[in-house]
Amino acid sequence: MKLKLATRVLNEEYFINTFLEYYVNLGVDEIHIFDCSSYDNTLNIISAWQSKHKGIILALSDRRFRHTSYIDASNFCNYILEYAINNQIQSDEDSWWIFADIDEFIRAPNDKNLKKFLKECHNDLIRTVFIDWQLPPDLINQNLELNYILRNVRLARYVGYIQKLYGDPFYKDYIINFTPHNIKTYEKLKTIAGFHRFILKNQIFLPPNEFLIVDHLRTVPFHISKKRINKRLKLLQDEQDDWLLEHFLQLKKRFEDYESFYKNSKLYAFEEIEEILKKIQEYDNQESYFNNVIVKENILKTKLI
């Protein structure tokens with residue numbers, strides 16, 4: 001069994017080194033990187049990793065795949081998914097694929113490593129629940145290293161919240177097992193950006209309610225967050241894409257008065273989040289408003305069906 005990961009990057013010199021180190025240590029055999037013509041130090045860092053780890057693969061570097069609209073984002077997500085499917089077609093062994101953004105760090109189960117967990121899993125698809133971790137206001141302007149932030153997240157020193165969309169906890173279809181036996185079934189699989197549901201045979205492909213946690217480091221030092229958000233807004237400024245534009249404008253507004261956000265939001269320590277997680281497993285089904293209305297509307301928007 002191979003464990004593989006696909007990620008997209010654009011000027012991610014702050015994240016990329018820690019991201020690669022983390023997933024290599026987690027046991028990922030291959031990391032396939034889709035670069036959108038980064039012009040900072042990202043590609044140099046990737047090159048340095050490639051010289052010492054043969055599993056780091058620069059799959060693509062092309063500015064055409066910058067996310068300038070919601071439809072573009074979905075198209076690129078499906079380009080990456082198709083790449084993974086074609087990779088499996090050429091393989092003669094099982095391959096678990098993780099589809100992670102650069103600020104997403106999956107937690108292995110407490111009692112076993114990730115590979116062992118997946119090897120013993122009876123399902124082809126594992127979903128994840130996102131926890132957005134927030135830096136205290138007195139740290140937001142400090143030039144903190146990402147490893148320092150991640151370490152403190154794991155030591156339960158910060159507070160955060162479980163992402164919600166339309167009142168439901170945010171599940172993301174995230175890890176999928178492609179095998180020589182199932183690849184014909186999944187070769188027409190599609191996905192949808194932002195809402196992250198797999199689409200199979202014109203239907204939302206809902207897995208059993210088993211999930212892993214992703215630590216989502218949305219809030220990193222202010223100058224990094226501001227730079228990333230402004231970069232996305234600049235890409236979106238000429239597009240008529242209200243959903244994606246509104247998303248990043250809200251993030252920008254949060255940082256304009258971060259102390260108020262931190263003080264007035266319901267943020268929890270990890271022990272409290274663990275209690276919340278115990279209660280959410282059964283919410284997601286084919287009839288839920290999120291799946292039956294919101295996701296389907298965006299499937300039509302992206303013309304996946």
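Here, each number is a calculation from the coordinates, and none is a lab measurement. The model shown is predicted, which means the values in this text are computed figures rather than measured ones. Here Cβ is always computed from backbone atoms with ideal geometry, including for glycine, and neighbour counts include all displayed protein chains.
Amide H contacts for ARG127 (H built 1.01 Å from N in the peptide plane; partners 5 or more residues away or on another chain; cut-off under 5 Å): GLU210, LEU212. Of all lysines in the structure, those lying under 23 Å Cα to Cα from LYS201, and not within fewer than 8 positions of it along the same chain, are LYS172, LYS184, LYS188, LYS190, LYS296, LYS301, LYS303. Let me make sure I get this right: for the stretch 1-129, a, b and c are the square roots of the gyration tensor eigenvalues over alpha carbons, sorted descending. Under 1.5 in a/c it's rounded, otherwise prolate if a/b > b/c, else oblate. Which is it? Note, shape of the stretch 1-129 comes out prolate. Ranked by how many other Cβ atoms sit within 10 Å of their own Cβ, fewest first, the residues CYS36, CYS121 fall in the order CYS121, CYS36.
Where the alpha-carbon atoms of the stretch 116-213 are placed on the principal axes, they occupy 52, 34, 22 Å, in descending order.
For a quick check of your reading of the filter: which trypsin sites (Lys or Arg not before Pro) in the stretch 169-218 sit in a DSSP loop and have no more than 13 other Cβ atoms within 10 Å? Spell out each step's value before the answer.
On the way: sites: LYS172, LYS184, LYS188, LYS190, ARG197, LYS201, ARG218; in loops: LYS188, ARG197, LYS201, ARG218.
Counting only loop positions with at most 13 other Cβ atoms within 10 Å, the trypsin sites (Lys or Arg not before Pro) in the stretch 169-218 are LYS188, LYS201.
Computed 3J(HN,Hα) for the stretch 54-59, one whole-Hz value per residue from the Karplus formula 6.51 cos²θ - 1.76 cosθ + 1.60 where θ = phi - 60°, is 5, x, 8, 10, 8, 6, glycine and proline marked x.
In this Cβ point-charge picture (+1 for Lys and Arg, -1 for Asp and Glu), the stretch 2-301 has a dipole of about 240 debye about its Cα centre.
Between the listed residues ILE45, ASN25, PHE15, the Cα displaced farthest toward the positive end of the dipole of the stretch 2-301, a dipole computed from Cβ unit charges relative to the Cα centre, is found at ILE45.
Summing -39500 (n - 2.57) over the DSSP H runs of n ≥ 4 in the chain and dividing by its residue number, what mean residue ellipticity at 222 nm do you reach, to the nearest 500 deg cm²/dmol? Before the final figure, lay out each step's value.
Numbers: 11 runs with 109 residues, N = 305.
Value at 222 nm, helices only: -10500 deg cm²/dmol.
Under the combined filter of DSSP loop state and at most 11 neighbouring Cβ atoms within 10 Å, the stretch 1-58 retains these trypsin sites (Lys or Arg not before Pro): LYS52, LYS54.
List the lysines whose Cα lies under 16 Å from the Cα of LYS231, skipping any in the same chain that are fewer than 8 positions away. Counting by Cα, and skipping residues close in sequence, LYS231 has these lysines nearby: LYS252, LYS253.
Is the chain best put as rounded, prolate or oblate by its Cα gyration tensor, with a ≥ b ≥ c the root eigenvalues, rounded for a/c under 1.5, and otherwise prolate when a/b is larger than b/c, oblate when not?
Working: a/c = 1.24, a/b = 1.17, b/c = 1.06.
Rounded, since a/c falls under 1.5.
Rounded to whole numbers, the Karplus 3J(HN,Hα) couplings from phi for the stretch 41-51 are 8, 4, 5, 5, 5, 4, 4, 4, 5, 4, 5 Hz, using 6.51 cos²θ - 1.76 cosθ + 1.60 with θ = phi - 60°, and x at Gly and Pro. Each residue of the stretch 144-152 was assigned a 3J(HN,Hα) from its phi angle through the Karplus curve 6.51 cos²θ - 1.76 cosθ + 1.60 (θ = phi - 60°); the sequence is 7, 6, 4, 4, 5, 5, 4, 4, 6 Hz, with glycine and proline shown as x.
For PHE198, the amide hydrogen comes within under 5 Å of the amide hydrogens of ASP173, PHE205, counting only partners 5 or more places away or on other chains and with H modelled in the peptide plane. Between ASN152 and GLU256, the FRET efficiency from the beta-carbon distance, with R0 = 25 Å, is close to 0.55. Amide H to amide H, with H built 1.01 Å from N, ILE102 comes under 5 Å of ARG8, counting only residues 5 or more places away or on other chains.
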